[in-house]
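One structure below.
The values are calculated or read from the model by the stated rules, or taken from the named source; none is laboratory data. Since the structure is predicted, the reported quantities are computational estimates derived from the model, not experimental observations. Because the Cβ atoms are built from the backbone with ideal geometry, glycine has one as well, and the counts that use them run over all protein chains shown.
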Amino acid sequence: MTLTHLPRAAAAATAVAALLALATGCSDAGARPAAATDPVPAASPVALPAPRSAPSPDAVLSPAPAAGEVRVQQGPFTDRVQLTALRLTASPSSSPSVTGHVAISSDISDTLALEITAAYYDADGRLLGTGSFHHQEEGEEAHAGHAAAQQHAEGPRAAGAGIDFTVPADRLTGTPASAVLTVPVLVNE
């Protein structure tokens, strides 16, 4: 071969190699589908904060409360309310309940919603069950009446003079000797 034919031979060999590589690279024979080899990453979950709810009552109180004692557990709204005249009624002739009076001390605006819960305990401080009281101002009756244990205040508003409340026990496992109140909901205008 002469020097003049060498560049043509090299060019032809390069062209054949390029065609062969192109044909092999573009062929999908024997290749797995893209989904099987390269899974599409799932969208990462959005981290939302957990819904806020009232804390669960303690299973056992230590020290055990005195017979008839009604405690108020500190919470996000206890500094904004005054709970007075608290009384546990647990006679065999009536359903157990906690009665009292609540007045909003931090604000004079209307109270739109108020919830008071009671955890009932036996003489040894063991949890027997709970109950709740719900107050909603007029215009909110459509949302009222969720459970038979709920009581709705009628008459004076929680702001100002306050309201009397009853927190009936719901399905207790024994006779309560004491109770602990919490205020998990307080909504003002």
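Structure values in brief
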read-out	value
Subset tally (residues that are in contact with a strand residue (DSSP E or B) (Cβ under 7 Å, 6 or more places away or on another chain), outside any strand (DSSP E or B) and surrounded by fewer than 16 Cβ atoms within 10 Å (Cβ to Cβ)) for the stretch 86-122	6
Criterion (modelled with pLDDT of 90 or more and among the β-branched types (Val, Ile, Thr)) met by exactly one of 89, 111	89
Check on residue 186, modelled with pLDDT of 50 or more and in a strand (DSSP E or B)	yes
Among (1) at pLDDT 90 or above; (2) farther than 30 Å from residue 172 by Cβ - the single one residue 69 does not satisfy	(2)
